[in-house]
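The structure appears below as structure tokens.
No lab work stands behind these numbers, since they all come straight from the coordinates. None of the values given here were measured: they were computed from a predicted structure. Heads up, the Cβs are rebuilt from the backbone with ideal geometry, glycines too, and the neighbour counts pull from every protein chain shown.
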Amino acid sequence: MVLVVIVGVALLGLVAWATTVLIRRERRRPELTAESHRIELAAMQGIRDARRRARALHRIGGDGGISRLDGR
């Protein structure tokens, strides 16, 4: 029983520490400039496009779909 309490307290401390670190990093993060905002939006669009293509490739045939579509 004591071991369970010790492990629980250790896990709670670990989560609290990780949350504190993430909050500090977010506060130190500089404000986005117009250029960095544009770059971040382009990156997000690229990620969305990659996910969309991966789903489409999966639907048309799984593993071999990449070689079939890239030859266009």
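Assorted remarks:
- The stretch between Arg48 and Thr33 holds 3.1 nm of extra length on full extension. This uses 0.36 nm per residue minus the Cα-Cα distance.
- Dipole of segment 1-58, positive direction: furthest Cα of Leu12, Leu22, Gln45, with charges on the beta-carbon: Gln45
- Extension gain from Ala56 to Met1, taking 0.36 nm per residue of separation minus the Cα-Cα distance: 14.6 nm
- Simple spin-label estimate for Arg25 and Leu12 in nanometres, 7 Å along Cα-Cβ: 2.5 nm
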